[in-house]
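A.B. asks: Got a structure for you, questions after.
Laboratory data are not the source of any read-out in this text; all were calculated from the coordinates shown. Values in this document were obtained by computation on a predicted structure and should not be read as measured data. No Cβ is skipped: glycine too gets one built from the backbone with ideal geometry, and neighbour counts run over all protein chains shown.
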Amino acid sequence: MNIIEFKSIIKKFGDFIANDKIDLIIKKGEIHCLLGENGAGKTTLMNILFGLYKPEEGKIFLREKPCKINNPHKAIELGLGMIHQHFMLIDRLTTTENIIVGEEPLKNGLVDMKKAREQVKQISDNYHLAIKIDEKIENISVGEQQRVEILKVLFRKAEILIFDEPTAVLTPQEVNNLFTTLRELKAGGKTIIFITHKLEETMNISDRVTVLRKGKVISTVNTCDTSPKKLARMMVGREVLLNVNKEKGDLGDKVLEVKDLSLIGKHKNIILKNINISIRKGEIVGLAGVSGNGQLELEECLTGLRKVTSGKIILGGDEITHTPTRIRRKKGFSHIPSDCLKRGLVSTYDLTKNIILGNQDSFTKNGFLQQNDINEYCKEVIEKFDVRCQSLNESVNNLSGGNQQKLVIGRELSTNPKFILAAQPTRGVDVGAIEFIHNNILKMRKQKKAILLISAELEELLSLADRILVIYEGKIVSEKNNYTKEELGLLMAGKKASDEEILETGNRIRND
Amino acid sequence: MKRFWKQGIEFEMIKIFKKYENSIYSFTAILLAFLVGSILIHLSGFSVIKAYSALFDGAFGNVFNLTQTLMNTIPLIFTGLAVAIGFKSGLFNIGGEGQMYLGAFATAIATIYLSFLPVYILIPLVLIIGGLAGSAWGFVPGYLKAKTGAHEVVTTIMMNYIGILITSYLLLKYFKEEGPIPQTALIPESARLPELVEYSRLTWAIFIAVFVIIIIDIFFKRTELGYKIQTVGENRSAAEYAGINSNKMMVLSMMISGFVAGLAGSTIVMGVLHRFITNFSPGYGFTGIAVAVLGKNKPWGVLFAAILFGALQTGGITMQLFAKIPMDLIVIIQGLVILFVAAPILIKKLLRK
């Protein structure tokens, strides 16, 4: 049965056509991936389905009947449920409270917490979604928060579950758990729509795939009939190199040295302990780890936004442990922050103002910004880093995620740095842009820059880094030149990788 | 072809609309406020036409009324700018009132001691002294925010009380002129700002105000420091990651903000009162918040908003006198303007239709 059918859906934002005559059929009980680059129109389409946007044209059939979904409330009534990329949870409330909010079971006009707990427990057991029922959201892991989101949707008796890039925030192990859950939901008769731009996941979990590009449906195929290469090509519209070629380079002098760096938190908790890193000219050192294991704090220590408790940071022979950020940047420290939108860009500014950020004093004469110099410089950066935009003066908000990232990377690589701290440089970025960013990082390596690549993407680390350190709970737990994927995944999850285990996980991953 | 052409026009209109979006919303808000105001007037049993014509006449009807309006506009320009400057760095400076009192007091006292100076030195100097006094009053909350995280809304409000009372105290203790009214002696003739229109109290202060608008506009659009302050206001962590010292920028912006608020006091003393009198302000510092909100924190927007509020203030008196409609209605209209400005979604919906 076709549980959902989109018929020539058109959605425009001003002149921009986000969905261009979308025809799409979702069958009951399948896991259907919507694959596409950022800005391809996946989320827009789902927001239309969920009643958040109104399409200009087109119809939606639900269970083979035409229906109008004007608001999310209606969508929920019709058995739709959406698990957003950014969780919609209230940190200070417990998991149960979050799940029942808006649909609380009542008793004499008061919330019947006992019944609520029972109901939540029952659903959680049914689908093997283990959660701590009375724990506050702020105290549970990201993976568990996602399970709460799923339970929230199931609690509202959803039959069709929409997942918007659910793996972006998860560890490799949590991803495996999520996939198990998805299969279980499918076995329970639910229909799942899975929005993603990751090829591997698509191959791994879906029954059918629909590829979207620039608002149009390119094709819907059975997963078993396709390959990552074919999908990538449909998605980007051209041949994509999934693995970059890396030449061996000679290493030069030490550029960055971190010696016994430790950071103790407010509550005397250890955030970073005895971190030692040294990076030479022309070397990419990868720092692997699941986010939340001290990477952000290390990033801030290196940038100078956090005072280290003990230890030293040396850049190009000078100690910079207590040097302010501005001076560090002057000394050739370049930084691609992990959350570009939050820490790398000013969303209300136009492109030029964002491109000079951190480097504004080079364009200042007698206290005044030199607009002509700025424009010229920005044109160069935008061209060189292929930032697709309409004009220099448009708001950076108008750019797609990939282009925003390219802009930040362009800004940071254009200042002729000695050392580049690249934190999650491809997070949330589509395949085409990833290729471009990786090539640029390798170009920097060729130019003898020292690079620290903080990442949670195994493939990225394995294909770019010369050497990989693994960080777990604030400590470097391993350092090697070559890892297998399985080994790295396990180390990131805090497990000592014995040979047996590696073999076992390896088999499991292959069997998946 | 025809359709294409039509689309082209629509596109152009959207572009124009986008460019003036803020102004269009503000004007619609003002219109709506007057509309709701007219309903209130009607319900209270007065003639709407009579009321509004008296209001308009009182504000702009003749040269004298116009000068009165502009005179009331000047302090609002300064206090409105002060609030807008604070907003640029992400701070809500409610301390304009106190900073203005400090500015007024410092100017009044300084003129007494510096009266021997020639006019062309004396006037700029006492203006700067007034500004610096306001600046000092802005520095305290800025510093507390940077060092301890104390919320500026709370500290600036407290600083208002301290500022108003400390000037009263100093006045009564050291500088009070003989007589029943708590005021300083008149400031020397040389320190008074020349009148623009005879027998009005509209002085050169209006030019000073416009000059400050231009300076602040250029400051935020063209200078590095302005850029850094705004970056802190727009995205503090991005600013810090880029090596901008956000604490320093916040303190600086509070000091600039306080300086401009201080000028409101200085120009009142030098142009209108010619002395410092306790409780001289009808709340210019607070109305400045509304002015900044209506002006969307843009220097030139503040000018227009200040004129509107100045006109309402001036015209309201005439309306009360001749149409017998209570002044309170003006306060209601002012409130409504802000209400509608603060609810842009409402207006967006109205305009879409």
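A.B. asks: What number, in percent, do you get for the relative contact order of chain B if the mean sequence gap of Cα pairs under 8 Å and at least 6 apart is divided by its residue count?
C.D. replies: Relative contact order of chain B: 34 percent.
A.B. asks: Then there is this: Enumerate the residues in region B:100-125 having an amide nitrogen under 18 Å from the point lying 7 Å beyond the Cα of B:F207 toward its Cβ.
C.D. replies: B:119-125
A.B. asks: Whole-Hz Karplus ³J(HN,Hα) for region B:155-172, in order, using 6.51 cos²θ - 1.76 cosθ + 1.60 and θ = phi - 60°, x for Gly and Pro?
C.D. replies: Once θ is set to phi - 60°, the couplings for region B:155-172 become 5, 5, 4, 5, 5, 4, 4, 4, x, 5, 6, 5, 5, 4, 4, 5, 4, 5 Hz.
A.B. asks: Could you give the nm distance between label points at A:K418 and B:K324, where each point is 7 Å from its Cα heading toward the beta carbon?
C.D. replies: 8.4 nm
A.B. asks: What do you get for chymotrypsin sites (Phe, Trp or Tyr not before Pro) in region B:65-159 restricted to DSSP loop and a cutoff of at most 10 other Cβ within 10 Å of the site's Cβ?
C.D. replies: B:F116
A.B. asks: Then there's this: So how strong a dipole does region A:346-415 carry about its Cα centre when Lys and Arg Cβ are +1 and Asp and Glu Cβ are -1, to the nearest 20 debye?
C.D. replies: 80 debye
A.B. asks: Between B:F116 and A:E473, with labels modelled 7 Å along Cα→Cβ, what's the label distance in nm to one decimal, could you check?
C.D. replies: Distance between label points: 7.7 nm.
A.B. asks: Just to confirm my numbers, what's the Cα centroid distance between region A:133-207 and region B:293-321 in Å?
C.D. replies: What the calculation gives is 55 Å, centre to centre.
A.B. asks: Follow-up question, since we're still on this one. About its Cα centre, how strong a charge dipole does chain A have in debye, to the nearest 20, once Lys and Arg get +1 and Asp and Glu get -1 at the Cβ?
C.D. replies: 620 debye
A.B. asks: Let me ask another. Mind listing the long-range amide H neighbours of A:I218? Cut-off is under 5 Å, sequence gap 5 or more, other chains count too, H placed in the peptide plane at 1.01 Å from N.
C.D. replies: The answer is A:V211, A:L212, A:R213.
A.B. asks: Between A:R306 and A:D20, what is the spin-label point distance in nm, taking each point 7 Å from the Cα along the Cα→C-beta axis?
C.D. replies: Using points 7 Å along Cα→Cβ, the separation is 4.5 nm.
A.B. asks: Still on this structure, please answer the following. Along the charge dipole of region A:393-470, Cβ charges K/R +1 and D/E -1, which of A:L469, A:I454, A:P417 sits furthest on the positive end?
C.D. replies: So the residue furthest toward the plus end is A:P417.
A.B. asks: Calculated from DSSP H runs of 4 or more alone, at -39500 (n - 2.57) each and per residue, what is the 222 nm mean residue ellipticity of chain A, nearest 500?
C.D. replies: -10000 deg cm²/dmol
A.B. asks: Dipole of the protein assembly as shown (Lys/Arg Cβ +1, Asp/Glu Cβ -1, origin at the Cα centre): which of A:F194, A:L129, B:I206 lies farthest to the positive side?
C.D. replies: In the protein assembly as shown, that residue is A:F194.
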